[in-house]
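I have placed the structure first, in the form of structure tokens, so that the comments after it can refer back to it.
The values are calculated or read from the model by the stated rules, or taken from the named source; none is laboratory data. These figures come from a predicted structure and were not determined experimentally. All Cβ positions, glycine included, derive from the backbone under ideal geometry; neighbour counts span all protein chains shown. The protein model used for the area step is the full one, side chains on, heavy atoms only, and it has no ligands, DNA or RNA in it. Shrake-Rupley method; radii C 1.70, N 1.55, O 1.52, S 1.80 Å.
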Amino acid sequence: MSVEMYYMPSCPYCKRALDLLKSKGADVTIYDVNQDAKLWEESKSRSGRDTVPQIFINDQHIGGCDDLVALNAKGGLDPLLAK
């Protein structure tokens, strides 16, 4: 299972999403878009969005924090993380 997040350290939504993923035991690869402009462009290209966080599980775009929280509330996050 692969979990990737495009992230900014100062973003409260990024922290909330990361905390949720870690509470599920996910090992998250974090791409700090503040450290590398190429990562910011990569995030926008992969997600079609220009906001953070952008979360991918097994190369599937999940969306941002609100999308992740909604997926979890519907019971859809655990099955993705179990793959």
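Within segment 76-83, can one find any residue that is of a type outside the set (Lys, Arg), open to solvent by 70 Å² or more (accessible area, probe 1.4 Å) and under 13 Å from the mean Cα position of the chain (by Cα)?
no
Can you run down the residue pairs with Cβ atoms below 7 Å, 6 or more apart or on separate chains, where the first is in segment 1-16 and farther than 13 Å from CYS65 by Cα and the partner is part of a strand (DSSP E or B) and basic (Lys, Arg)?
Once the first residue is farther than 13 Å from CYS65 by Cα and sits in segment 1-16, no partner that is part of a strand (DSSP E or B) and basic (Lys, Arg) comes close enough.
Within segment 25-43, can you find the residues that are open to solvent by 20 Å² or more (accessible area, probe 1.4 Å), farther than 11 Å from GLU4 by Cβ and under 13 Å from the mean Cα position of the chain (by Cα)?
Hit for segment 25-43 is ASP32, nothing else.
Somewhere in segment 12-24, is a residue open to solvent by less than 80 Å² (accessible area, probe 1.4 Å), outside any helix (DSSP H, G or I), modelled with pLDDT of 95 or more and aliphatic (A, V, I, L, M)?
Within segment 12-24, none of the residues are open to solvent by less than 80 Å² (accessible area, probe 1.4 Å), outside any helix (DSSP H, G or I), modelled with pLDDT of 95 or more and aliphatic (A, V, I, L, M).
Quick one: how many residues across segment 42-53 are part of a helix (DSSP H, G or I) and either in contact (Cβ under 8 Å) with a residue 40 or more places away in the chain or of a type outside the set (S, T, N, Q) (or both)?
So in segment 42-53, the residues part of a helix (DSSP H, G or I) come out as 42-47.
From the residues that got through so far, the ones that are either in contact (Cβ under 8 Å) with a residue 40 or more places away in the chain or of a type outside the set (S, T, N, Q) (or both) too are 42, 44, 46-47.
So the answer is 4.
With respect to MET5, determine if the residue is within 23 Å of LEU80 (Cα to Cα) and surrounded by fewer than 15 Cβ atoms within 10 Å (Cβ to Cβ).
Details: within 23 Å of LEU80 (Cα to Cα): yes; surrounded by fewer than 15 Cβ atoms within 10 Å (Cβ to Cβ): no.
So MET5 fails the test.
Does segment 54-67 contain at least one residue that is free of Cβ contacts under 8 Å to residues at least 40 places away in the same chain, in a loop (DSSP other than H, G, I, E, B) and open to solvent by 70 Å² or more (accessible area, probe 1.4 Å)?
no
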